[in-house]
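Taking it in order: structure first as structure tokens, then the write-up.
The values are calculated or read from the model by the stated rules, or taken from the named source; none is laboratory data. The shown structure was predicted, so the numbers you read here are calculated from the model rather than taken from an experiment. So basically every Cβ, Gly included, is an ideal-geometry build from the backbone, and we count neighbours across all protein chains shown. Side chains are part of the model used for accessible areas, which takes the heavy atoms of the whole protein and leaves out ligands, DNA and RNA. Shrake-Rupley method; radii C 1.70, N 1.55, O 1.52, S 1.80 Å.
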Amino acid sequence: MSHDTKTKLVYMANQIATFFKSQPASEAADGVANHINKFWEPRMRRQLFEILEKEENGLDALVLQAAPMIRKPEAETHQVR
């Protein structure tokens, strides 16, 4: 994953978190997770989990709180024909 892709995904995830901060605190993390699960394709979610593995990842605390509720896609398999 390129640095540019990582930067864009972090930015997008943090924007989603910023929006959901206006919701009741008890619903905010659920909202972030639901949005990512619904609108991000598996490849994007897979890359998000790669970012989450890094300690200094730049993700908002609300994204980190939502992470356990985000569906982790299965690993990509490449078939050789």
Of the residues ALA61, ALA13, ALA33, which exhibits the maximal mean-square fluctuation in a Gaussian network model of the chain defined by a 10 Å Cα contact cut-off? ALA61
Accessible area (Å², per residue) of segment 1-67, counting only protein heavy atoms and a probe of 1.4 Å: 61
Rounded to 0.05, the calculated FRET efficiency for the beta carbons of ASN57 and ASN37 at R₀ = 30 Å is 0.95
Once both axes come from the Cα atoms, what is the angle between helix 42-52 and the longest principal axis of the chain, in degrees from 0 to 90, rounded to 10? 70
Springs between alpha-carbon pairs under 10 angstrom, Gaussian network model over the chain: which of PHE49, PHE20, PHE39 fluctuates most? PHE39
One point scatterer per Cα, no solvent, Debye formula: log10 I(q)/I(0) for segment 12-81 at q = 0.16, 0.18, 0.19 Å⁻¹ comes out as -0.53, -0.65, -0.71
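Sum -39500 (n - 2.57) across every DSSP H segment of at least 4 residues in the chain, then divide by the residue count to get the 222 nm mean residue ellipticity, nearest 500. If you can, show how the numbers build up before the last one.
Working: 4 runs with 50 residues, N = 81.
Here the helix-only value at 222 nm equals -19500 deg cm²/dmol.
Please find the FRET efficiency linking GLU27 to GLU74, where r is the Cβ-Cβ separation and R0 is fixed at 35 Å, and quote it to the nearest 0.05. Show your work: numbers first, answer last.
Numbers: r = 28 Å, r/R0 = 0.81.
With a Förster radius of 35 Å, E is 0.75.
Relative contact order of the chain, please, whole-number percent, based on alpha carbon pairs below 8 angstrom and at least 6 residues apart.
Working: 67 pairs, mean separation 30.5, N = 81.
With pairs under 8 Å counted, the relative contact order is 38 percent.
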What does the accessible area of GLU27 come to, in Å² to the nearest 10, when a probe of 1.4 Å is used? 100
